[in-house]
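In what follows, a structure is listed as C-alpha cells, so that the remarks can point back to it.
Derivation of every value follows stated rules applied to the coordinates shown; laboratory data play no part. Keep in mind it's a predicted model, so treat the numbers as computed, not measured. Neighbour counts run over all protein chains shown; Cβ positions are idealised from the backbone, glycine included.
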Amino acid sequence: MSRTHKNVPQALPHIEAMAPYTPGEQPDGDDWLKLNTNENPYPPSPRIGEAIASELQRLPLYPGPKSEPLRQAIADFHRVDPAQALVGNGSDDVLNLLIRAFSDSGASVGMLEPGYSLYPILAGIQKAPVRKVLCGRDMLLETGKIAHSGAAIFFLTSPNAPTGVGYSRGQIAAILEEFGGLLVVDEAYAAFAREDAVPLLGKYPNLAITRTFSKSHGLAGLRVGYVLAAPEVIEILDRVRDSYNVNRLSQAGALAAFGDQEYYRKIIEKINFTRECFYRVLRDRNWFTYPSQANFLFTEPRNSRGETGAEVAENLFKYLRKRKILVRYFGGSSLTAGFLRISVGTDKQMNLLLEAIDSWINHAQQK
Ligand SMILES: *Cc1c(COP(=O)(O)O)cnc(C)c1O
C-alpha cells in the first residue's frame with residue numbers, strides 16, 4: 001500500500017503506546033476442545049431461542065435504552081431496588097463505564113496481581129495510573145494493602161482470575177470499612193462460589209458488584225453483564241453509557257435465561273461437581289492446584305521427571321494445542337508462568353484432557 005499522498009494520522013501518544021487486550025484464542029471450527037476462556041460447556045436454556053425468535057419482528061425499533069425489564073428481573077433476583085442495577089454489553093462494557101466515570105490521570109486504578117488483565121488496558125485508555133497489590137504464592141488477600149492503596153477505584157475479582165480463589169464477605173467488608181475509593185468486586189464467577197458480596201450493598205455505598213451472563217449462563221456470545229451499586233453510582237454510570245448499549249436480542253435472551261433459574265442451578269451444580277473431581281485428580285498427581293470457587297482450575301503441571309515451572313507449563317500448553325486442546329497460559333508474570341488455567345467442561349471433556357496429559361507425561365519429548 002502506498003502512503004505517499006497522505007500521512008497516517010497519529011492518535012494520542014498514550015494510545016499510540018498501548019497494546020490491545022489479548023483475549024483467549026477463539027479458533028474457527030468445532031473440532032477444538034476449548035478449555036481456555038471459561039465458557040459454559042452446556043447448551044443454553046431452550047427458552048432463550050424462543051425469546052430471541054419472537055423479538056426478531058421488533059428489530060426495526062431501537063431497544064429499550066435502560067434494558068428496563070431485565071433491570072427489574074436482576075433487581076428481583078438479588079433483592080435490590082431496580083435503581084441499583086445497570087445492564088451492559090457484557091460486563092466488560094460495565095467495567096469500561098466504571099473506569100471512565102471514576103478514574104483519570106489524577107485518580108488511579110487499583111487491582112490485584114495476578115488479576116484480570118483487561119483492567120490495566122481500560123485504565124491505560126483513560127490515562128489512569130495502575131496500582132497493583134501483589135499477591136504471594138498463597139494468594140491470601142491483604143485487605144489493608146487494598147484499603148490503603150490510594151486507588152480511586154479498585155477492582156477486586158472474586159473468585160479471582162486466573163487463580164479461582166474466592167474471598168469471603170467478611171474480607172470484603174473489612175476493605176470497605178477503610179477504603180476511601182470505589183471498590184468494584186468483579187463477580188464474573190460468583191455463581192460458582194460459596195458466597196458473594198451482594199448483602200453488603202445496603203451497608204456500603206462505596207461498593208459496586210459486576211456480574212455476567214457469559215460464564216454461569218453460557219451466554220458469552222450474547223454479550224450481557226450488569227452492575228449492582230448504590231442508586232447514586234448507577235445514576236452516574238447511566239450518564240456515561242451508550243444510550244442503546246444492549247441490543248434487543250440480547251435483552252430478550254438474557255431475560256429468558258434469568259427466568260429459567262432452575263435450568264442454570266443444575267448446570268452450575270454439575271460444573272462444580274466436575275471441578276471438584278478434576279481438582280482431586282490433579283492433587284492426586286501432586287500438581288499444586290488452588291482450591292477453586294469458579295468454573296476453572298489453576299494448576300502447576302509436573303512432568304515425568306517431577307519438574308515444575310514456566311518451561312514445563314508452556315511445554316504442556318503447546319503439546320495440548322497441537323492436539324487441538326486449548327487451555328490458557330499466562331507467561332507474563334512469575335506468579336502465573338508455571339501454571340495453566342483450565343476451564344471446567346463436561347466430564348467427558350475433562351477425561352479427554354486427562355488422556356492427553358497422560359500421553360504427555362508418558363511419551364512426550366520433554367526438554
Ligand atoms: C469473563 C470475565 C469478564 C467479562 O465478562 P463479559 O460479560 O463476557 O464481558 C469480566 N471479568 C472477569 C474476571 C472475567 O473473567
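What GluC sites (Glu not before Pro) in the range 277-358 are in a loop by DSSP, with at most 13 other Cβ atoms within 10 Å of the Cβ? Within the range 277-358, the qualifying GluC sites (Glu not before Pro) (loop, at most 13 other Cβ atoms within 10 Å) are Glu307.
With a ≥ b ≥ c the root eigenvalues of the C-alpha gyration tensor of the chain, is it rounded (a/c under 1.5), prolate (a/b larger than b/c) or oblate? It comes out rounded by the Cα gyration axes.
Sparsely packed loop sites in the range 43-79 (the trypsin sites (Lys or Arg not before Pro) outside DSSP H, G, I, E and B with at most 12 other Cβ atoms within 10 Å) comprise Arg79. Each label was represented as a point 7 Å from its Cα along the Cα-to-Cβ direction; for Leu354 and Tyr62 these points are 5.4 nm apart. Here the calculated FRET efficiency for Ser168 and Phe77, from their Cβ-Cβ distance with R0 = 30 Å, stands at 0.85, rounded to the nearest 0.05. Full extension of the chain between Asn362 and Ser105 yields a length gain of 87.2 nm, computed as 0.36 nm times the residue separation minus the alpha carbon distance. For the range 202-310, trypsin sites (Lys or Arg not before Pro) are listed when DSSP marks them as loop and at most 12 other Cβ atoms sit within 10 Å of their Cβ; the list is Lys203, Arg305.
Under a Gaussian network description of the chain, with springs only between Cα atoms under 10 Å, the residue in Ser158, Ser54, Ser214 that fluctuates furthest is Ser54. Taking 0.36 nm per residue of separation and subtracting the Cα-Cα distance, full extension of the segment from Ser334 to Glu177 would add 53.3 nm. Using only alpha-carbon positions in the range 1-66, the gyration tensor eigenvalues give semi-axes of 38, 25, 15 Å once each is multiplied by 5 and square-rooted (largest first). Taking max minus min of the alpha-carbon positions on each principal axis, the range 218-367 gives extents of 57, 34, 27 Å, largest first.
Remark: the Cα gyration tensor places the range 178-285 in the oblate category, a/c being 1.5 or greater and a/b not exceeding b/c. Computed on the Cα trace of the range 1-148, the radius of gyration divided by the Kirkwood hydrodynamic radius gives Rg/Rh = 1.04. Taking the helices alone, the chain has a mean residue ellipticity at 222 nm of -11000 deg cm²/dmol, built from -39,500 (n - 2.57) per DSSP H run of at least 4 residues and averaged over all its residues.
Centroid-to-centroid, using Cα positions, the range 214-229 and the range 2-51 are 16 Å apart.
Which value, in Å to one decimal place, does the Kirkwood hydrodynamic radius take for the range 236-288 when every pair of different Cα atoms is included? 14.7 Å is the Kirkwood radius here. For the chain, DSSP calls about 45 percent of its internal beta bridges antiparallel. Extending 7 Å from Cα along the Cβ direction at Met18 and again at Thr308 yields two label points whose distance is 3.5 nm. In terms of other Cβ atoms within 10 Å, Leu352, Leu326 run from fewest to most in the order Leu352, Leu326.
Less than 5 angstrom separates the built amide H of Cys135 from those of Glu113, all sequence-distant by 5 or more or on a different chain.
Phi angles across the range 186-195 convert, under the Karplus curve 6.51 cos²θ - 1.76 cosθ + 1.60 with θ = phi - 60°, into 3J(HN,Hα) values of 7, 9, 4, 10, 5, 5, 9, 9, 6, 8 Hz, Gly and Pro given as x.
Shown is the FRET efficiency for Asp347 and Asp31, computed with R0 = 22 Å from the Cβ-Cβ distance and rounded to the nearest 0.05: 0.65. Rg/Rh, computed from the Cα trace of the range 180-222 with Rh as the Kirkwood radius, has the value 1.04.
Just checking the listed ones, Gly331, Gly306, Gly64: in the Gaussian network model of the chain with Cα springs under 10 Å, the one fluctuating most is Gly306.
Give the shape of the range 89-245 as rounded, prolate or oblate, defined through the alpha-carbon gyration tensor: a ≥ b ≥ c are the square roots of its eigenvalues, a/c under 1.5 means rounded, and otherwise the shape is prolate if a/b is larger than b/c and oblate if not. Here the range 89-245 falls in the rounded category. Stretching the chain fully between Ser54 and Lys203 yields a gain of 49.6 nm (0.36 nm per residue, less the alpha carbon separation). For Ser108, the shell of other residues with beta-carbons less than 11 Å away shows a net charge of +2, using +1 for Lys and Arg and -1 for Asp and Glu.
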